[in-house]
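Here the structure comes first, spelled out in structure tokens, and everything after it is commentary.
The values are calculated or read from the model by the stated rules, or taken from the named source; none is laboratory data. It should be emphasised that the depicted structure is a prediction, and the values quoted were computed from it without experimental measurement. Cβ atoms come from the backbone with ideal geometry, glycine included; neighbour counts cover every protein chain shown. Please note that ligands, DNA and RNA were not included when accessible areas were found on the heavy atoms of the full protein model with its side chains. Shrake-Rupley method; radii C 1.70, N 1.55, O 1.52, S 1.80 Å.
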Amino acid sequence: SDHKFPTWDSLAAALADSKLCVCFPRATTNPESAGSISTLTFRYLQAMAAGSVPIGETPFDAREIFDHPAIIDVDWNDPVGQIKSVLNNPEPYLKIREKNFAAVNGPLHVRAFVSKINELVARRLSP
């Protein structure tokens, strides 16, 4: 397989052991297929549920879904230094981890997620 984690179990084990998870919306990684659509994917939610903090790019809708900065935006001037800094000094990011974990186990749990997305769509479409 071309995937680093070919099974769900291998991905779950890796996420559970990680402090950070590099996440970018498809609009950044594969704009040919996504166009300009920048949306929160399950990878972000999986990382949060595993207790990992996403680092990369905040999708547009995540700014509306979360009531806190849920993703550490990459420092393009020194991304490796940024990651090392976060790993060496994780305390400032523990609140993000806690809030993310609470969100994916509460209002963003799959049972509530669909209704929240529908609410956001309706809000965007209303005049």
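Of all residues assigned to the range 61-74, at least one qualifies as being of a type in the set (Gly, Ala, Ser) and open to solvent by less than 30 Å² (accessible area, probe 1.4 Å).
The set of residues from the range 1-40 being at pLDDT 85 or above, farther than 18 Å from residue 61 by Cβ and aliphatic (A, V, I, L, M) comprises 20, 22. Test residue 2 against the criterion of being without any contact (Cβ under 8 Å) to a residue 24 or more places away in the chain, of a type in the set (D, E, K, R), out of contact with any His (no Cβ under 7 Å at 6 or more places or on another chain) and part of a loop (DSSP other than H, G, I, E, B), and give yes or no. Spelling it out, residue 2 is indeed without any contact (Cβ under 8 Å) to a residue 24 or more places away in the chain, of a type in the set (D, E, K, R), out of contact with any His (no Cβ under 7 Å at 6 or more places or on another chain) and part of a loop (DSSP other than H, G, I, E, B). Of all residues in the range 23-39, none are of a type in the set (Asp, Glu) and touching a strand residue (DSSP E or B) at 6+ places or on another chain (Cβ under 8 Å). Of the residues making up the range 31-82, those that are touching a Ser or Thr at 6+ places or on another chain (Cβ under 6 Å) and hydrophobic (A, V, I, L, M, F, W, C) are 60, 71.
Collect the residues in the range 16-37 that are assigned to a loop (DSSP other than H, G, I, E, B) and closer than 17 Å to residue 86 by Cα, keeping them in residue-number order. Selection gives 18, 19.
Among the residues in the range 60-75, are any aromatic (Phe, Trp, Tyr), outside any helix (DSSP H, G or I) and touching a residue at least 12 places away in the same chain (Cβ under 8 Å)? Yes, there is a match, as at least one residue in the range 60-75 is aromatic (Phe, Trp, Tyr), outside any helix (DSSP H, G or I) and touching a residue at least 12 places away in the same chain (Cβ under 8 Å). Can you find a residue that is assigned to a helix (DSSP H, G or I), over 23 Å from residue 122 (Cα atoms) and of a type in the set (Val, Ile, Thr) anywhere in the range 50-57? No, because not a single residue in the range 50-57 is assigned to a helix (DSSP H, G or I), over 23 Å from residue 122 (Cα atoms) and of a type in the set (Val, Ile, Thr). Of the set (1) loosely packed, with under 13 Cβ neighbours inside 10 Å; (2) without any contact (Cβ under 8 Å) to a residue 40 or more places away in the chain, all apply to residue 87 but (2).
Only one of 94, 40, 120, 45 is open to solvent by less than 60 Å² (accessible area, probe 1.4 Å) and either assigned to a loop (DSSP other than H, G, I, E, B) or free of Cβ contacts under 8 Å to residues at least 40 places away in the same chain (or both). Can you tell me which?
40
Got at least one residue in the range 78-90 being farther than 12 Å from residue 45 by Cα, modelled with pLDDT of 95 or more and assigned to a loop (DSSP other than H, G, I, E, B)? Within the range 78-90, one or more residues are farther than 12 Å from residue 45 by Cα, modelled with pLDDT of 95 or more and assigned to a loop (DSSP other than H, G, I, E, B).
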